[in-house]
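One structure, pasted below without further comment.
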Amino acid sequence: MSSKIPPEPADAALRRAAPPTVVYPAGTLPRPDMAVLEAARHSMVKIGEVVVPPRDARTFRVARGQFFRIVSIEGPQVGDLNLWNAHDLSERFFSGKTRALHATHVGAGHRLWSTMPNLRPMATISHDTLGWYGFDADGAGIHDVIGTRCDPYTNLLLGGTAYDFCCHSNLCRALSAELGLGPSEVEHHIHDVLNVFMCTGFTADTHQYFMKASPVRPGDFIEFFAEIDLLGALSACPGGDCGATHSSDAAACHPLKIELFAPDRRTLGNWTWPSPSEYHGGHGAPA
Ligand SMILES: [Zn+2]
């Protein structure tokens, strides 16, 4: 933050009047065939579930062509989701590109994209019971890809205290248990999350990231179709509904449930499975 604002040039108003252009127009993205997914989800049967305790995280595996839901149970609660290619953890959810390709908040019909060099949909959101919320008068929406995840480093930086049950640490412990490795050996795999059920935006005046109490209620869910074999990890954020605080034991916190479903494979006969990016250039470096 600069202490001295420089004087405006004479043509400031003209420069500010340039029209906005959507960086990645949504219409140019290959669209998922939601009618196929709708038929598939009506044929699916539940094959498993995992309960994520408050202020903790759990991993889960979903095969390509299966669905998974993140379900609110017991009370309003925000979840932090990480996703990896189950066979190669270097391919993981790319929050920044998902935001650029879709929007600050995602919902049904949007896809969760993976990191380069693959850059492909890892999962497609097939249903969202909070789809009615849209953007409210504060400019807030649900399921953001703008935040990162609460972590002990930022907590120490801002608050001067160490707290070990932030989403980053919860995800570390869960992945550590899944892979049979120490937390420090898996920490580099933890990445920017999808903030499931979190209600967030930017303040109108200073454009600072804000949160407000999530409108999620028990029974609400967001549902995903797995485009590749996935390893997932979900943290039940210590902020609870993130209405006031996070990164502490102060907020009321509830469990979340992950439900796994298998559809009738015949319903997916016309599905176009995403391939890794076809870019195989040399980034302009001399051969
Ligand atoms: Zn958190």
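The values are calculated or read from the model by the stated rules, or taken from the named source; none is laboratory data. Worth saying up front: this structure is predicted, and the values here are computed from it rather than measured. Cβ sites come from the backbone with ideal geometry, for glycine too, and all protein chains shown count toward neighbours. These accessible areas exclude ligands, DNA and RNA; they are computed on the full protein's heavy atoms, side chains included. Shrake-Rupley method; radii C 1.70, N 1.55, O 1.52, S 1.80 Å.
Among the residues of the stretch 255-265, how many are more than 19 Å from the chain's Cα centre (by Cα) and either part of a loop (DSSP other than H, G, I, E, B) or surrounded by 17 or more Cβ atoms within 10 Å (Cβ to Cβ) (or both)?
Qualifying residue count for the region: 4.
When the stretch 203-219 is examined, which residues are found to be surrounded by fewer than 21 Cβ atoms within 10 Å (Cβ to Cβ) and of a type outside the set (Ser, Thr, Tyr)?
Ala204, Asp205, His207, Gln208, Phe210, Lys212, Ala213, Pro215, Arg217, Pro218, Gly219
For Val216, only one of the following conditions fails: (1) on the phi > 0 side of the Ramachandran plot; (2) modelled with pLDDT of 95 or more. What is its number?
Condition (1) is where Val216 drops out.
From the list His168, His188, His207, exactly one residue is over 16 Å from the mean Cα position of the chain (by Cα) and in a helix (DSSP H, G or I). Which is it?
His188
When you scan the stretch 242-252, how many residues do you find that are touching a Phe, Trp or Tyr at 6+ places or on another chain (Cβ under 8 Å) and either crowded, with 21+ Cβ neighbours inside 10 Å or not in a loop (DSSP other than H, G, I, E, B) (or both)?
1
Can you tell me which residue is nearest to the ligand (Cβ to nearest atom) among those in the stretch 125-146 that are surrounded by fewer than 19 Cβ atoms within 10 Å (Cβ to Cβ) and closer than 20 Å to Thr245 by Cβ?
Looking at residues that are surrounded by fewer than 19 Cβ atoms within 10 Å (Cβ to Cβ) and closer than 20 Å to Thr245 by Cβ, I get Ile146.
Okay, moving on. Restricting attention to the stretch 266-287, and to residues there that are assigned to a loop (DSSP other than H, G, I, E, B) and hydrophobic (A, V, I, L, M, F, W, C), which single residue is farthest from His168 (Cα to Cα)?
Ala287
Here's a follow-up. Among the residues of the stretch 64-74, are any open to solvent by less than 10 Å² (accessible area, probe 1.4 Å) and in a loop (DSSP other than H, G, I, E, B)?
Yes: one or more hits.
Listed residues Glu227, Glu223, Glu278; which is among the charged types (D, E, K, R), loosely packed, with under 12 Cβ neighbours inside 10 Å and away from the ligand (no atom under 16 Å from the Cβ)?
Exactly one residue qualifies, and that residue is Glu278.
Also, quick follow-up: Which condition does Ala108 not pass, out of (1) closer than 25 Å to Ala40 by Cα; (2) crowded, with 22+ Cβ neighbours inside 10 Å, if it passes all the others?
(2)
When both residues are 6+ apart or on different chains and their Cβ atoms are under 8 Å apart, which pairs have a first residue that lies in the stretch 69-84 and is farther than 23 Å from Leu230 by Cα and more than 16 Å from the ligand (Cβ to nearest atom), and a second that is at pLDDT 95 or above and not in a loop (DSSP other than H, G, I, E, B)?
Between residues of the stretch 69-84 that are farther than 23 Å from Leu230 by Cα and more than 16 Å from the ligand (Cβ to nearest atom) and residues that are at pLDDT 95 or above and not in a loop (DSSP other than H, G, I, E, B), the close pairs are Ile73/Val51; Ile73/Leu256; Ile73/Lys257.
Taking the conditions exactly as written (surrounded by fewer than 18 Cβ atoms within 10 Å (Cβ to Cβ) and either in a helix (DSSP H, G or I) or away from the ligand (no atom under 16 Å from the Cβ) (or both)), does Met116 satisfy them or not?
Yes: the conditions hold for Met116.
From the set of residues in the stretch 1-37 that are charged (D, E, K, R) and farther than 30 Å from Phe261 by Cα, which is least open to solvent (accessible area, probe 1.4 Å)?
Asp11
Would you pick out the residues in the stretch 158-202 that are free of Cβ contacts under 8 Å to residues at least 60 places away in the same chain, farther than 21 Å from Cys253 by Cα, in contact with a strand residue (DSSP E or B) (Cβ under 9 Å, 6 or more places away or on another chain) and open to solvent by 10 Å² or more (accessible area, probe 1.4 Å)?
Of everything in the stretch 158-202, just one residue is free of Cβ contacts under 8 Å to residues at least 60 places away in the same chain, farther than 21 Å from Cys253 by Cα, in contact with a strand residue (DSSP E or B) (Cβ under 9 Å, 6 or more places away or on another chain) and open to solvent by 10 Å² or more (accessible area, probe 1.4 Å), namely Leu179.
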